[in-house]
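Working notes for the structure below.
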Amino acid sequence: MCGIVGYIGDQKAKPILLAGLKRLEYRGYDSAGVAFIKNGDFQIERTQGKLSCLVDKLAGKDFEATIGIGHTRWATHGRPDEINAHPHYSKDVVLVHNGIIENYKKLKDDLIIKGHQIESETDTEIICHLIQDFLNQGYDFQKAIRSALKELHGAYSLVILNRNDNQRIYCARKGSPLVLGFNNGENFVASDIPALLSHTNEVAFLHDFEMAVLEKTQVTFYDFEGNSIEKERQIIQWNMAQAEKSGYKHFMLKEIHEQPRVIADTLLGRVDLEKMNIWLDDAGRLMKKFVQKPDFHIHVVACGTSWHAGMVARYWIENLAKVPVSVELSSEFRYRQPLVGENTLVVAISQSGETADTLAAIRESKKMGAKVLSICNVIESSIPRESDVTIYTHAGPEIGVASTKAFTTQITVLYMMAVKLALQKKLLDDQDIQDRMKALVELPNILKTFLRQYKGLDMMTEYLRNKEHCYFIGRGIQYPIILEGALKLKEISYIHADGYAGGEMKHGPIALMEDGVPVVATLLKDDLYDKMVSNVQEIKSRGAFIMGIITQGDEDTKQLCDLYLEVPEASMDLLPFVSVLPLQLLAYYVADAKGTDIDQPRNLAKSVTVE
Ligand code: F6R
């Protein structure tokens, strides 16, 4: 989720790179840097903090180079400080990287044995030394890159300079975006279109396992075997505001559509299909200590959407790992005398890492002797700093105030934790482990297909847009999901929305059912399906208008619903992922139809740092 820019041409590279990086800054970053080649040497400048810190550092320094690369970092490996900032370099190689190298620890150990000196904590620096290692063996630059790529597991986009050649920029892509921009006598590369748009709208997208070599007057494309390939150029019609949202109308919609990719990023390097294991580093080691304790239990603290993620996790962890889990709002936890202690693993969930109530709950828990494992999206934010261990979601910057991709990456981590605990307790047989891991790895594709093909939201949107109230019902693991659906709808459309467990309707809320009352119901083919059908029949007979989220091809359930939206089949445990996406989309389209300020809804802030 980093920002990348590269330039080669006749103009000075510095202002072009800084302007390009500025165009990517709307996502928010933690460090930045640039590299140029001059007289056969690299000039590299890096800083911690926002891009303005780099701009200040470069002010007054005149770089003559007309070739250069730049980077803004959203940290995944290593603290957001200067030494970990990109570009990274070895003797002859300087490069910027977006993505995650899964096997970097092993590569690092091998390179250190060979005498390479590695300065940073990043996975990126390893790539420079790996390429250098092949150069040292006499390979030409392009072959050295290709040979290094063969050793990398994970996702990356790379933009690379050779100290001994100021005529070329090398690029490679597997899993992270790169786009090339063409102009007369100059060429560009970037992670995102906004960085190019003020220079050109003629672009070509690099696909996985493709490389490009940029010169001033031409760009050539290759596959990873070194065979040259043809690339089609496209003309982009977006203005700058559209480009920042990758053509989507709002950041929220862009972020909904990013979910397959960021879930895949969050799984990367953690789900090991070969060894049939889940790797959670320090968190995994801490969990292992806890499973040995006789009265081990988990207490989740979180707010809002993150609290819903914790509620989903309770079903998984209790069911798979047989560890008791309680889930509490941080704001409640901090003002009672909760019974947590040394047998308690407190799991704090927070996208921003700055939520004041969750931070206070962490401090209280530690005072009482508990250990804290946090799940967080923003590296080096306050919550990870105060936790014993942290598992980062790799959602990248979430700009829409209503949380979407943060939620699904949180539950991705939580599901991995549930499976890991079950493995540590030896509760799963080989087949079960294999099935669960495979299902997880296939999940991003299932979600991607859904996002390409879903139908039926327009009629639901039309029905809801002028309503004042809406109810959501679901059971079992779908209960927290419908709470999340109701929260999304109220946050951005300002329609009053409440979520109820299906079985609870007759204990009160059924009194609200009358002709035409909109009810969104998750009616998926899980083990509570028959119960949900009865609950829906009860309210339908009182006049409720049923909008069902149903399993694809389930003809009987279609008859029960006034409107329905089909979601793909997935393994039972992973159904929360497939049912939450349509609820996010429903909230989005209803809010859009009402014309509300979707990315910045009234009275809400992205990070709640006050009580
Ligand atoms: C809802 C939403 C909020 C946050 C809550 C916690 O869409 O975004 O409910 O989930 O404020 O924030 P974090 O996860 O940053 O602690």
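The values are calculated or read from the model by the stated rules, or taken from the named source; none is laboratory data. In this text the structure is predicted, and so the values were computed from the model without any measurement. With ideal geometry, Cβ positions are generated from the backbone for all residues, glycine too; neighbour counts draw on all protein chains shown. These area figures cover heavy atoms from the full protein model, side chains too; ligands, DNA and RNA do not enter into them. Shrake-Rupley method; radii C 1.70, N 1.55, O 1.52, S 1.80 Å.
What to note about this one:
- For the range 356-371, the criterion of being open to solvent by 20 Å² or more (accessible area, probe 1.4 Å), away from the ligand (no atom under 14 Å from the Cβ) and in a loop (DSSP other than H, G, I, E, B) is met by at least one residue.
Table: residues versus (1) assigned by TED's automatic domain parsing to the domain that holds Y7; (2) open to solvent by less than 30 Å² (accessible area, probe 1.4 Å); (3) free of Cβ contacts under 8 Å to residues at least 24 places away in the same chain; (4) under 19 Å from R261 (Cβ atoms).
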residue: R163; (1), (2), (3), (4): yes, no, no, no
residue: Y170; (1), (2), (3), (4): yes, yes, no, no
residue: R173; (1), (2), (3), (4): yes, no, no, yes
residue: F188; (1), (2), (3), (4): yes, yes, no, no
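- Per-region count, the range 402-420, residues more than 29 Å from I433 (Cα to Cα) and away from the ligand (no atom under 12 Å from the Cβ): 0
- The residues in the range 79-119 that are within 23 Å of the chain's Cα centre (by Cα) and among the aliphatic types (A, V, I, L, M) can be counted, and the count is 4.
- Restricting the range 467-516 to residues that are of a type in the set (K, R) and within 16 Å of the ligand (Cβ to nearest atom), the residue that is least open to solvent (accessible area, probe 1.4 Å): K488
- Filtering the range 223-239 to residues that are outside any loop (DSSP other than H, G, I, E, B) and open to solvent by less than 80 Å² (accessible area, probe 1.4 Å) leaves D223, I229.
- Number of the exception - D429 against (1) within 16 Å of the ligand (Cβ to nearest atom); (2) at pLDDT below 95; (3) open to solvent by 20 Å² or more (accessible area, probe 1.4 Å): (1)
- Residue check, I399 in the same structural domain as D357 (by TED's automatic domain parsing), within 13 Å of the ligand (Cβ to nearest atom) and open to solvent by 20 Å² or more (accessible area, probe 1.4 Å): yes
- The set of residues from the range 372-396 being assigned to a loop (DSSP other than H, G, I, E, B) and either within 11 Å of the ligand (Cβ to nearest atom) or open to solvent by less than 10 Å² (accessible area, probe 1.4 Å) (or both) comprises N377, V378, S381, T393, A395, G396.
- Considering residues of the range 332-355 that are of a type in the set (G, A, S) and buried (at least 23 other Cβ atoms within 10 Å of the Cβ) only, the residue farthest from the ligand (Cβ to nearest atom): A348
- The residues of the range 308-322 that are surrounded by fewer than 23 Cβ atoms within 10 Å (Cβ to Cβ) and either within 10 Å of the ligand (Cβ to nearest atom) or outside any helix (DSSP H, G or I) (or both) amount to a single one, K322.
- Taking every residue in the range 302-326 that is under 18 Å from S350 (Cβ atoms) and pairing it with any residue that is open to solvent by 40 Å² or more (accessible area, probe 1.4 Å) and within 16 Å of the ligand (Cβ to nearest atom), at least 6 positions away or on another chain, the pairs with Cβ-Cβ distances below 6 Å are W307/L329.
- Residue check for E274: within 25 Å of the chain's Cα centre (by Cα) and either more than 30 Å from Q584 (Cα to Cα) or among the aromatic types (F, W, Y) (or both): yes
- Residues satisfying the stated conditions in the range 107-153, i.e. part of a helix (DSSP H, G or I) and either open to solvent by 70 Å² or more (accessible area, probe 1.4 Å) or among the β-branched types (V, I, T) (or both): D109, I112, I113, T124, I126, I127, I131, N136, K143, I145, K150, E151
- Odd one out for M276 among (1) touching a Gly at 6+ places or on another chain (Cβ under 9 Å); (2) surrounded by fewer than 21 Cβ atoms within 10 Å (Cβ to Cβ); (3) outside the structural domain of G154 (by TED's automatic domain parsing): (1)
- If the condition is being farther than 17 Å from I256 by Cα and either open to solvent by less than 70 Å² (accessible area, probe 1.4 Å) or in the same structural domain as D573 (by TED's automatic domain parsing) (or both), then the range 432-455 contributes D432, I433, Q434, R436, M437, A439, L440, V441.
- Residue list for the range 37-56, restricted to those being under 17 Å from E25 (Cα atoms) and out of contact with any Cys (no Cβ under 8 Å at 6 or more places or on another chain): R46, Q48, G49, K50, L51, S52, C53, L54, V55, D56
- Of the residues K50, K14, the single one that is within 23 Å of S120 (Cβ to Cβ) and either in contact (Cβ under 8 Å) with a residue 40 or more places away in the chain or open to solvent by 40 Å² or more (accessible area, probe 1.4 Å) (or both) is K50.
- When the criteria are applied in full, V300 meets the requirement of being hydrophobic (A, V, I, L, M, F, W, C), open to solvent by less than 50 Å² (accessible area, probe 1.4 Å) and within 16 Å of the ligand (Cβ to nearest atom).
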